[in-house]
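Below is one structure; the comments refer to it alone.
What follows is calculated from the coordinates using simple rules that are stated; it is not laboratory data. All of these numbers come straight from a predicted model, not from anything done at the bench.
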Amino acid sequence: MSKKQFPIRIPRFAAGIRSQEPRGGANRCWWAMRWRQVMERMGLGARLGRGRNYAVSGQVVSLKLEGPLVTASVVGTRPEPYSVNITFRTPEGNARDEIIGALRAEPMIVARLLADDLPIEAETLFREHGLDLFPGGKLGEGRYDMTTKCSCPDYANPCKHSSAVLLLLGEEIARRPATLLELRGITMEELYD
């Protein structure tokens, strides 16, 4: 019995956003390491490696963050870029106001976020209100509190295109950890108004 051979598919050239840290910036700060751990726990397998290759080679040609919605275009093997949408769960009901109130009551946390530092107390505060700061969700159940959609024909979700976007998003979070709050629908302006 012979193995089925698949043709080698090489993505089209793209001069898009290039990953600056092929290893995910894992040694730079604790929140970058946590983001990388979340990615590894998602069970992406080879899609994470292919997503890393896409991120490093600049296949992501646009990336836009609008609160809990991340939209991107990723060049693959087809002529048209694939559309990637990632939506993060936001606090429901009074939890959002409670989280904002708790953060405002801790001016040192807000000051450190403004200085692009993430105190671990911010993660604890989110957990106390029933939400993970990172897209952890229910790790034991295999669910995450974000959804990914891609226009590619891959049946796997998240696919390599979504993985590339998540890796680039992780680099933005490493540089500016307040992005984690924005993905949860909380802006920095709300914390010091």
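Restricting things to Cα coordinates, could you compute the convex hull volume per residue of the range 30-192 in Å³?
Working: hull volume 18.2 nm³, N = 163.
Once divided by residue count, the hull of the range 30-192 is 112 Å³.
Taking all Cα pairs closer than 8 Å and separated by 6 or more residues, the relative contact order of the range 35-156 comes to 22 percent.
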